[in-house]
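In what follows, a single structure is set out as structure tokens and then discussed.
Just so it is clear, none of the values below were taken in a lab; they were calculated from the coordinates. Given the structure is predicted, the values throughout are model-derived calculations rather than measurements. All Cβ positions, glycine included, derive from the backbone under ideal geometry; neighbour counts span all protein chains shown.
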Amino acid sequence: MRDNLNTTRRTIIKFGVLLVAVVAFYFLVSTLCTSLYTMMVVDIALIYSLIAYSVSVLLGMGGELSFAGVSFMGGGAFLLANLTTGRLGPTLSPVVSFLLIIPVFIVIAFIIGLILLRLKGTFFTFATIGLVQMTFAIYNNYKPLFGGADGIAGIPTTEIFGTKLMNYNDWFPVLLILAVVVGLIVERIRTTPMGRSLAACRDNETAARVLGVNVYMTKVLAFTIAGVLSAMAGGLYAMLTKFVSADMFTYASSTKYIIMAMLGGVQSTVGAFLGAFIVQVLPQILSAFEGFLQLFWGIAIVLLMVFMPEGLAGIVKSLGRKFRAKNKKKVAAAAAAATEEGVK
Amino acid sequence: MSPSLFLSLLVNGVAMGMVYALLGMGLILLVRAVGILNFAQGDLMMFGAYICACLLLDFELPLYLLIPIAFIWFALLGVIFMFTIYWPLRKATYSQATIIATMGASIILQEVAKIIWGSQPRSMPHLVLNSEGDPAVLQIGSASLQWQYLIIIAVGALIIFLITQLFEKLYVGKMMQAACQDSYAANLLGVPSILTICATYIIVAIVCGICGYLVAPVFMVRSTLGTLQLRAFAGVVIGGFGSIKGAVIGCLLVGIVESFSTMAFSGYKDVTVFLLLIIFLVFRPTGLFKGKIGDKA
Amino acid sequence: MAENRTPILRLDKICKSFGGVVTAKDVTFCVYPGEIKGLIGPNGAGKTTMMNMISGIYTADSGDVYFNEKKITDKPDYARARMGIGRTFQTPRFLQRSSVRDNLMIGADLGNKIGYLSGFFGRKSTNFYQELKEMMDILHFSFNWDDDINSLPFGQRKLLEIVRSLLSHPKVILVDEPAAGLNNKEIEYLMDILRMAAKKMNIGVLVIEHSMDMIMDLCETIAVLNFGELIADGTPAEISNNTAVIEAYLGREDDD
């Protein structure tokens, strides 16, 4: 058993590693991605990482599979598009609209969570599919708010602290910082009472109950967090591409986000981030095989679920465990040898 | 609304409801048997439709040959599906893993279909044609009903009847379900659970395949045919999991609501269907008929 | 001796049946703070069901449960846990995919009554490690924080479940067959920690156990259930001479 001090030291080390990794990542991308197109791919991957986090919160921590991410993503994107283009009356700046998304979707996601989480497990999953189908039909048909099949174009250029984010290069550092900060928040949730309560709901509901966890409300909270993260991702997407249309928010695209989180490792925040990158960037690298790419994803998912349901992060974890076990054995063997010598 | 319009909408709705019911019944059989929600159900149907289209259009087989050969392919599909998507995952510690694997299977089926048969939709002739080769219609008063829909209803009802007889009346079916639900006890009693589970998968795949054959003339054979399963999901939840009867009624309801709402507000028919679903979920979370078996997934 | 104090837990005419099977019939007994009470009976006597009704996993058909003389019959299970009713299970129920640390922390979370939000901003329990160390000294084993909970042997997991519950500072702890699957040494430590809980932390302990030696040694009072009915309630000496109890365990003398 180790004590408090040790954990503080480890936290500091972790932060150091993270900082180095983020800086290295920044320079790596800046040097590798020379064209605006590749930069766009990276930017979108960073936005998707928010949705992958949301899957990680709800599925990884809480054990509930939800497809509703795209509904909220669409909601966030259309809210921002409406506010910034003045379709609702006043015209707000993109940053203000983005900040408005957060409280609005805390309320919306909370209410929807209250309704849908009356159901358990598979039923809940079904209900979220229903939600996605409904929101898609509404986004796709109701012209006054969602532009119908044409979508909404003409979202103005975003300005932060007086700097205009003109192109995908300008956006990259902003999105990177955002993705890291949100990732840290999610990671923090994992290690606080909320994260542990969610883990208890996921692994053993009865145990959770006798440990004083209000399973229903805890899950509703997790659903709310996931909803807000998705809505934020939607808003960012609208700001980045300056165009929103309903066909981004289909059931099919919601499976993509779940795959991202599963690929990286649904139990791990870093895994979710990496998963978003792999799913978004790999197709660009393998564009020669475009016809087979979807098939490749399908097979990858099945193999992943069979051999490593905890994704890439799961592999790293089990390797680490093996390594530690080996070390332990070595130490034990050495100790045994030492005592033997002592006896002699 | 004129009576003839009402009648044709009703027949349309019931026919589509029958299709959803067939898919939904398969879903329930699988949930009962292995506790898994199959997100590739619609894609099994899609694949079945392609198999039939291939046999009918490319090999030009007559119906009496088409049916047995198609059945063999469906069964094979079911077996392959079980041994790749279910069997390796049956002891997965992560309960969502199996469900997500079926999502992967859904993608695989779609892509394989595209690679084998191309991405162009194929049209299939209706089962009953008039002398000019157009879809035959049945005239009742001023209402003209397509025979294809009537056949869907008849065949659907027959299959549902047979399956419920098998699983709820006959000893073999009951034993199969018991074996699937408690493989340990079943193995002790000498019923190999692998066989019963395999049989369930074969039955489900065949039902899906027939379904595909029936809807192919209506929707054309294309790789996105699988999205019909979403309505089957809705119907199953409305009916309440665990009971075939509930699922069938729920699916029929979905089909009818969908058909009539097409009339009223075409773009929003999905909204009405899924709003119905969510209303049911909120006010009657157990569905129309309370399921006998709890949620295992 | 304890009768003039207020009981921490009181059952009043609890009835419960599943279908036609009666698992509790007018059961009435009390648990006092600092007292270790045994709940015994032949298999199927309704002991675990009784615990489930106390912790709120099942609701009683009729009758009431009082906690510190406050009626809690209608409170949900998590609220009862927050009031201070701790619980362990026959097979330990842990967070399967979490580390030992998280599994124990969740017990401490309950005791600290930290909300999710204040927990997020870093309010922590102050003496979690100190308390844990004291308990582990009694239990005579140690573990690596970051190990998977499943890497621990069964016996240690059972003991840790009690530790987890004690970390939440309950007023009453319900312990369901703690000794099953433990070796003799571990049973000794188990009795030590239950005594510590009762005497030092003034917790009322309700134990279900099949091992008569242990029950007689450990408990101050014992309640005996048979087919859902309370057939005796008294000190170990009274119980071991009670004819109804002997009949329930050994069968009627004129049976053969």
Convex hull around the C-alpha positions of the range A:17-309: the volume in Å³ per residue is 140 Å³
In the structure shown, of C:25/C:200; A:14/A:326; A:14/C:171; A:256/B:245; A:219/A:317; A:143/A:164, the pairs separated by more than 28 angstrom at the C-alpha atoms are C:25/C:200; A:14/C:171; A:256/B:245; A:143/A:164
The range C:159-228 and the range C:57-122 have their Cα centres apart by a whole-number Å value of 18 Å
Descending packing, highest mean Cβ count within 10 Å first, for A:62-74, A:213-225 is A:62-74, A:213-225
Mean other chain Cβ within 10 Å across A:199-208 is 6
One finds the C-alpha centres of the range A:247-262 and the range B:54-75 to be spaced, in Å, by 35 Å
Which of A:191, A:157, A:38 fluctuates most in a GNM of chain A (C-alpha springs under 10 Å)? That residue is A:191
Summing -39500 (n - 2.57) over every DSSP H run of at least 4 residues in the protein assembly as shown and dividing by its residue count gives a helix-only mean residue ellipticity at 222 nm, to the nearest 500 deg cm²/dmol, of -20500 deg cm²/dmol
Inter-chain shielding metric for C:70-77, i.e. average beta-carbon neighbours from other chains within 10 angstrom, reads 2
The set of residues whose placed amide H lies less than 5 Å from the amide H of residue C:34, leaving out same-chain residues fewer than 5 positions away, is C:203, C:204, C:205
Put in order of increasing Cβ neighbours within 10 Å, starting from the fewest, C:133, C:171 give C:133, C:171
Quick note on A:135, A:192, ordering by fewest other C-beta atoms within 10 Å, gives A:192, A:135
With a Förster distance of 22 angstrom and the Cβ-Cβ distance between residue C:210 and residue C:150, calculated FRET efficiency to the nearest 0.05 equals 0.30
For chain C the mean separation of alpha carbon contacts under 8 Å (6+ apart) over residue count, i.e. relative contact order in percent, is 29 percent
Note: C:140-146 gets an average of partner chain Cβ contacts (10 Å, Cβ to Cβ) equal to 2
Chain A: relative contact order from alpha carbon pairs under 8 Å, six or more residues apart, as a whole percent, is 29 percent
Footprinting proxy, B:137, B:273: sorted fewest to most Cβ within 10 Å, the residues are B:137, B:273
Under the rule rounded for a/c under 1.5, else prolate if a/b exceeds b/c, else oblate, using alpha carbon gyration tensor axes a ≥ b ≥ c, the range C:179-254 is classed as prolate
Note: the protein assembly as shown, point scatterers on Cα, Debye, no solvent; log10 I/I(0) at q = 0.05 Å⁻¹ equals -0.35
The alpha-carbon pair-distance distribution computed for chain C, with 10 angstrom bins and whole-percent values, is 7, 30, 35, 20, 6, 1, 0
For chain B, the helices passing both cut-offs (Cα extent along own axis of 27 Å or more, Kyte-Doolittle mean at least 1.0, full DSSP H runs) are B:3-34, B:95-117, B:193-219, B:244-264
For chain C, the longest principal axis of the Cα atoms and the Cα long axis of helix C:154-167 enclose an angle in degrees, to the nearest 10, of 80 degrees
Out of C:17, C:151, C:55, a Gaussian network model of chain C with alpha-carbon springs under 10 Å gives the largest mean-square fluctuation to C:151
Here, chain B modelled as identical Cα point scatterers in vacuum has Debye log10 I(q)/I(0) at q = 0.08, 0.13 Å⁻¹ of -0.34, -0.92
